[in-house]
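The values are calculated or read from the model by the stated rules, or taken from the named source; none is laboratory data. The structure displayed is predicted, hence computed values, not measured ones. Cβ placement follows ideal geometry from the backbone for every residue including glycine, while neighbour counts extend to all protein chains displayed. The accessibility values were calculated without ligands, DNA or RNA, using every heavy atom of the protein model including side chains. Shrake-Rupley method; radii C 1.70, N 1.55, O 1.52, S 1.80 Å.
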Amino acid sequence: MTLFKDIESFNKYLGLPKPLDSNIDIGYYDVNKMRLKSESVSIDFYRISIKSNFIDKSVSDFNPDKKKPVTALFFNSPEVLNGWDIEPAFNGIYLQFSKKFIDDNRFLFKNYYDYGEHEPLFLLEKEEQEIRTIFGLMLKYYDTRKENLSVLLSYVHVLVSLVESFYKRQFLSNPVQYSPIVSEFQQLLINYYNQPVNQIPTVQYFAEKLGLTPNYLGDIIKHFTQKSAIENIHEFVMVKAKEMLEKRNDLNTTEIAYALGFEYPNYFSKFFKKQLNLAPKQYRLQVIKE
């Protein structure tokens, strides 16, 4: 597996022009000069691209007898492996950002840059045209980036806002695709304490179980439950905590804290009090009185 630490070396490998700047690169794909097939590689920066009439023969469900080109917006993040075997009929545009560029302009960037290459945004025709318009304007100001950096950043912000809006449309328009993810998340949550644990459940844990990135899972859960993934997790931990305080008289609060996966009992006390405004011992005494 090859790791490309900078945009220039990856462009050379892929067959793209040398970037004008080491921190941001914008351009159009030229399939006649590109590497159309590659084993898995990873990059140490961020990529976002829009591809029309795109067919990747390396995907697990590819059927050569039922080719279905897609128009979608794709993301690549650091440490995410990505291999490809693509047909040369597509066209598209790409943006690439160094970690430094992201850090220096964090206010412009939301979770979508961490969605990973397995969670593309499938675009409607009017959405594709809108995003291509923004790409064109970004490319215009990229050529004179020194003098017009503020304008370029403004268009980046517009692009991110459009992506947020279009993802919400995708979640809403295809609930059949996403509702099983919510159901699986909830079932995994229920099953979490069916075995001994050494930490309280995390979004990262469930994302790995579902084969998704944490931000992508979090946005799906938030869209369908109106609460963040971590809020759902904390609510469930509280249900289990109250249940054990009520029914497990053989365990003291310290033992319950460890059974729930808290590293330190005082963390459990602070967590419980924040959620219920009562310490675990106070809650147990209240239950006994009642």
**OP:** Determine, yes or no, whether L245 is among the hydrophobic types (A, V, I, L, M, F, W, C) and either in a loop (DSSP other than H, G, I, E, B) or surrounded by fewer than 18 Cβ atoms within 10 Å (Cβ to Cβ) (or both).
**Re:** no
Original post:
Can F206 be described as under 30 Å from V80 (Cα atoms), of a type in the set (F, W, Y), within 32 Å of the chain's Cα centre (by Cα) and open to solvent by less than 60 Å² (accessible area, probe 1.4 Å)?
Top reply: yes
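For residues that are modelled with pLDDT of 80 or more and within 26 Å of Q96 (Cβ to Cβ), scanning just region 59-74, find the one that is surrounded by the fewest Cβ atoms within 10 Å (Cβ to Cβ).
Selected residue: P69.
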Original post:
Just one of I190, I230 is open to solvent by 30 Å² or more (accessible area, probe 1.4 Å), among the aliphatic types (A, V, I, L, M) and either under 25 Å from Y264 (Cβ atoms) or in contact with a strand residue (DSSP E or B) (Cβ under 8 Å, 6 or more places away or on another chain) (or both); which is it?
Top reply: I230
Original post:
Taking into account only those residues within region 118-158 that are hydroxyl-bearing (S, T, Y) and over 28 Å from P214 (Cα atoms), which is farthest from the chain's Cα centre (by Cα)?
Top reply: T144
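If a residue has to be part of a strand (DSSP E or B) and among the polar types (S, T, N, Q) to count, how many in region 33-86 make the cut?
The qualifying residues number 9.
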**OP:** Could you tell me whether any residue of region 160-171 is more than 22 Å from E263 (Cα to Cα), touching a residue at least 12 places away in the same chain (Cβ under 8 Å), touching a Ser or Thr at 6+ places or on another chain (Cβ under 9 Å) and assigned to a helix (DSSP H, G or I)?
**Re:** no
**OP:** Considering each residue of region 41-51, count those that are closer than 17 Å to E87 by Cα and either open to solvent by 10 Å² or more (accessible area, probe 1.4 Å) or in contact with a Pro (Cβ under 7 Å, 6 or more places away or on another chain) (or both), and give that number.
**Re:** 1
Original post:
Somewhere in region 98-107, is a residue of a type in the set (K, R) and open to solvent by less than 70 Å² (accessible area, probe 1.4 Å)?
Top reply: no
Original post:
Taking G211, is it among the small types (G, A, S) and open to solvent by 20 Å² or more (accessible area, probe 1.4 Å)?
Top reply: yes
Original post:
What tally of residues in region 256-285 results from selecting those that are open to solvent by 80 Å² or more (accessible area, probe 1.4 Å) and either within 23 Å of V203 (Cβ to Cβ) or in a helix (DSSP H, G or I) (or both)?
Top reply: 11
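Would you mind stating whether S161 is small (G, A, S) and under 18 Å from the mean Cα position of the chain (by Cα)? So that I can check it myself, show each step before the final result.
On the way: small (G, A, S): yes; under 18 Å from the mean Cα position of the chain (by Cα): yes.
Spelling it out, S161 is indeed small (G, A, S) and under 18 Å from the mean Cα position of the chain (by Cα).
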